[in-house]
1. Only one residue in Ser298, Ser257 is surrounded by 12 or more Cβ atoms within 10 Å (Cβ to Cβ), modelled with pLDDT of 85 or more and of a type in the set (Gly, Ala, Ser). Which one?
2. Against the condition assigned to a helix (DSSP H, G or I) and either of a type outside the set (D, E, K, R) or over 23 Å from Met149 (Cα atoms) (or both), how does Arg220 come out, does it pass?
3. Filter the stretch 125-163 down to residues that are part of a helix (DSSP H, G or I) and not aliphatic (A, V, I, L, M), then give me how many there are.
4. Check Val242, Val282, Val288 and return the single one that is surrounded by fewer than 18 Cβ atoms within 10 Å (Cβ to Cβ), outside any helix (DSSP H, G or I) and on the phi < 0 side of the Ramachandran plot.
5. Going through Leu77, Leu118, Leu124 one at a time, which residue ends up being crowded, with 19+ Cβ neighbours inside 10 Å, among the aliphatic types (A, V, I, L, M) and modelled with pLDDT under 95?
6. Among (1) touching a strand residue (DSSP E or B) at 6+ places or on another chain (Cβ under 6 Å); (2) without any contact (Cβ under 8 Å) to a residue 12 or more places away in the chain, which single condition is Val231 missing?
7. When you scan the stretch 186-231, how many residues do you find that are hydroxyl-bearing (Ser, Thr, Tyr) and loosely packed, with under 15 Cβ neighbours inside 10 Å?
8. Could you tell me whether Ala129 is in contact with a Leu (Cβ under 9 Å, 6 or more places away or on another chain), free of Cβ contacts under 8 Å to residues at least 60 places away in the same chain and either at negative phi or among the charged types (D, E, K, R) (or both)?
Amino acid sequence: MNSVHTSPDHSGKVVDGSAGPRVKRVLVIAYSQSGQLTRIAERVLAPLRQAGNFDVHVETLRPRQSYPFPWTFFSFLDAFPESAHMVAPDLQPLTLRGDEDFDLVILPYQVWFLAPSLPVTAFLKHPLAQRLLSGKPVVTVIACRNMWMLAQEKMKRLLSGCGACLIDNVVLIDPSPTLLTLVTTPYWLLTGRKRLLGLPAAGIDDRSIARAERFGCALRDGLNQDAERKVEPMLHGLKACVADPRLYFSEMAGTRSFYLWGKLIRAAGGPRTHWRKPLLIVYVAFLVLLILSVVPLSLMIQTSLRPLLRQRLTALKLRIEMPSGSGSERMGVYEY
């Protein structure tokens with residue numbers, strides 16, 4: 001993605017002295033392995049770019065040790081211990097100095113092993129992150145298979161550690177049935193091919209990506225009205241974040257498993273060391289059993305106990321969907 005270059009000074013005024021609205025500065029933190037997240041971010045940014053009174057700076061994260069796409073089998077597994085423990089990799093130097101002033105920060109990210117992707121974690125733990133994000137409103141944009149809730153909880157803690165204020169969260173997930181995505185998503189990640197036989201294509205569908213432009217339209221209008229200064233959601237009523245609280249308990253089990261096994265595997269050696277491979281193979285077998293047993297069992301128990309759990313699940317859903325929520329009352333304004 002390329003930056004839009006206007007010429008505002010740090011006060012936000014147009015430096016050539018021409019009359020016009022105050023230029024708003026938007027920082028986008030970008031990292032995409034497959035390119036899918038880049039496509040989504042570009043749809044969100046399109047209305048800002050077209051408006052003409054926004055300076056959009058896209059900071060692309062580049063890990064010193066790159067993560068391949070498609071993944072190899074062991075490189076994929078080898079990323080999970082550090083992901084689970086949020087051990088940040090080294091990044092190549094950023095183009096930012098840390099003294100820049102932005103009105104809004106947009107932070108798209110992928111979910112790796114129920115946590116924010118390692119390059120994004122690395123940025124949020126970078127010395128410059130607090131200087132750039134402290135006191136700033138942040139919009140997160142998640143693209144994943146379907147489990148993102150605990151990753152967002154971790155993201156909230158990282159943002160809080162930087163002094164940032166999360167004002168909106170957008171979530172786009174693979175629309176295919178969960179059991180199918182357990183086959184199609186790994187196939188895509190390991191081969192780079194989205195289609196397997198006659199199954200639905202892996203990843204976020206094209207229609208959902210195109211419709212993500214409504215979020216950019218709402219951000220454009222909100223920024224033009226100085227809504228970011230109120231530190232309140234600008235994407236409410238746009239079905240920005242629809243949670244399935246039934247998956248929360250499966251995520252808890254998976255997170256606990258990733259953490260404990262990750263601790264054991266990290267004790268055997270650092271990333272890319274051969275001592276990890278036997279433990280990773282054992283863990284794969286354990287993980288398959290976990291997916292085939294715990295997830296269906298959890299959903300079955302919740303289904304049978306739904307009358308008793310309804311109030312708890314409803315409260316959990318409302319909490320997880322904050323701050324943007326899953327309401328649709330403004331969809332008619334921003335979908336054409």
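1. Ser257
2. yes
3. Summing the residues that are part of a helix (DSSP H, G or I) and not aliphatic (A, V, I, L, M) in the stretch 125-163 gives 10.
4. Going through Val242, Val282, Val288 in turn, the sole match is Val242.
5. It is Leu77.
6. Single failed check for Val231: (2).
7. Step one: list which residues in the stretch 186-231 are hydroxyl-bearing (Ser, Thr, Tyr), which gives 187, 191, 208.
Among the residues that remain, those that are also loosely packed, with under 15 Cβ neighbours inside 10 Å are: 191.
Residues that pass the stated criteria total 1.
8. So Ala129 passes the test.
The values are calculated or read from the model by the stated rules, or taken from the named source; none is laboratory data. Note that the structure is predicted; figures quoted are calculated from it, not measured. So basically every Cβ, Gly included, is an ideal-geometry build from the backbone, and we count neighbours across all protein chains shown.
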